[in-house]
Every structure is written in C-alpha cells, then in structure tokens.
C-alpha cells in the first residue's frame, strides 16, 4: 500500500478554513500533481515522512538552545478539524500559515544536511549495504522540501498538507 504526505502551496486568501473544502482542494491538487510538481507548488513524500522529521529533529542535537523550526517542514502548522458532518474517509489535513512557511524555508535553507545526517543517519538506514542509496534519497527529499518551502515563502503562501492512503 502506498501512503503519501502531500503538501501544496497556496495564497492564504484563497483558503477556506473548512475541512470539506480543503479536502476537495487537495484532492484536485493530488489529481493534478504532475503539473503542480512541475510548477513548484506541490511536493509529496511517500511513506517516510516520519523518518524525514527524525532527520530534522537532529537539529536539536546540533543546537540545543535553538527554537524548534525543524518541526515545521513535516508536521508544522495546525490540524484542520473535521466538521460534525464530515466524511470520516477524508484525509487528515494541516495548515501552515505564511509566517510558519517562512520559518520552515529559513530552517531548510540554513541547516546542514551533512551535519543532520552525521547525527541521525545511522538510525535512518534500514538495511546494511544501502547506506549510500538511503542517504541520497534523504538528500533528494531535503532538496525538494527546501526548494518547495523556499518558493512558497518567497510568494508569501501558506502550505496545506494532506495524507493520502
């Protein structure tokens, strides 16, 4: 089974803070993902977003006195509650406002992937002999997230997050 965390940048003024509306918006975005990825307004992570968050959590070890902006790229923002009549099959949704997007973009642009990997990489490699490939997959994901959040922040956008199974 495939499960994805899908993130979509959007102008805050275009968002309705309503689970049903956001689920439909994200459903349409998911259907148009090739075009949206090409436009740089969407990104997704298949299955391992918790491990990507664990990689970023290594920032606490690197700078224990810093705030925790490492939480923002994956789990940042607030959940969008289901209404009382919401369809329980709708995906879990989250919303990160533009100020949080800016903070996430700044974190991703300035954190050293190599330093994060040195702290957390050994815990993220699930199979001996695949260390280099696993590191490259995380580096590619980090670059995609840094680019996505950087573009969203530059545009002053919010980020909507959905989990699709």
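Of all residues in the range 138-163, which are surrounded by 15 or more Cβ atoms within 10 Å (Cβ to Cβ), over 13 Å from the mean Cα position of the chain (by Cα) and either under 25 Å from residue 81 (Cα atoms) or without any contact (Cβ under 8 Å) to a residue 24 or more places away in the chain (or both)?
Residues satisfying the conditions are 153, 157.
Just give me the residues in the range 142-165 being within 19 Å of residue 56 (Cβ to Cβ) and in contact with a helix residue (DSSP H, G or I) (Cβ under 6 Å, 6 or more places away or on another chain), in sequence order.
Hits for the range 142-165 are 142, 145, 146, 149, 150, 152, 153, 159.
May I ask you to say which residue of 46, 71, 28 is free of Cβ contacts under 8 Å to residues at least 60 places away in the same chain and in contact with a strand residue (DSSP E or B) (Cβ under 6 Å, 6 or more places away or on another chain)?
Numbers: 71 fails: in contact with a strand residue (DSSP E or B) (Cβ under 6 Å, 6 or more places away or on another chain); 28 fails: in contact with a strand residue (DSSP E or B) (Cβ under 6 Å, 6 or more places away or on another chain).
Going through 46, 71, 28 in turn, the sole match is 46.
So that you can scan it fast, the table gives a plain yes or no per residue for (1) in a loop (DSSP other than H, G, I, E, B); (2) more than 14 Å from the chain's Cα centre (by Cα); (3) over 16 Å from residue 109 (Cα atoms):
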| site | (1), (2), (3) |
| --- | --- |
| 29 | no, yes, yes |
| 51 | no, no, yes |
| 54 | no, no, yes |
| 60 | no, yes, yes |
| 67 | yes, yes, no |
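Name every residue in the range 1-27 that is part of a loop (DSSP other than H, G, I, E, B), loosely packed, with under 14 Cβ neighbours inside 10 Å and at pLDDT below 95, in order of residue number. Steps first, please.
Applying the first criterion (part of a loop (DSSP other than H, G, I, E, B)) to the range 1-27 yields 1-3, 11, 15-18.
From what's left, loosely packed, with under 14 Cβ neighbours inside 10 Å: 1-3, 11, 16-17.
Once the filter is applied, which keeps residues that are part of a loop (DSSP other than H, G, I, E, B), loosely packed, with under 14 Cβ neighbours inside 10 Å and at pLDDT below 95, the range 1-27 yields 1, 2, 3, 16, 17.
Looking for something at pLDDT 95 or above and surrounded by fewer than 20 Cβ atoms within 10 Å (Cβ to Cβ) - is there at least one such residue anywhere in the range 62-72?
no
Could you tell me which numbered condition residue 35 fails, if it satisfies all but one of (1) assigned to a helix (DSSP H, G or I); (2) in contact with a strand residue (DSSP E or B) (Cβ under 6 Å, 6 or more places away or on another chain)?
Of (1) assigned to a helix (DSSP H, G or I); (2) in contact with a strand residue (DSSP E or B) (Cβ under 6 Å, 6 or more places away or on another chain), only one is false for residue 35: (2).
Picking from 100, 40, which residue would you name as being buried (at least 19 other Cβ atoms within 10 Å of the Cβ) and within 17 Å of the chain's Cα centre (by Cα)? Outline the logic, then answer.
On the way: 40 fails: buried (at least 19 other Cβ atoms within 10 Å of the Cβ).
Just a single option satisfies the conditions, and that option is 100.
The values are calculated or read from the model by the stated rules, or taken from the named source; none is laboratory data. These figures come from a predicted structure and were not determined experimentally. Methodologically, a virtual Cβ is constructed for each residue, glycine included, from the backbone with ideal geometry; neighbour enumeration extends over all protein chains shown.
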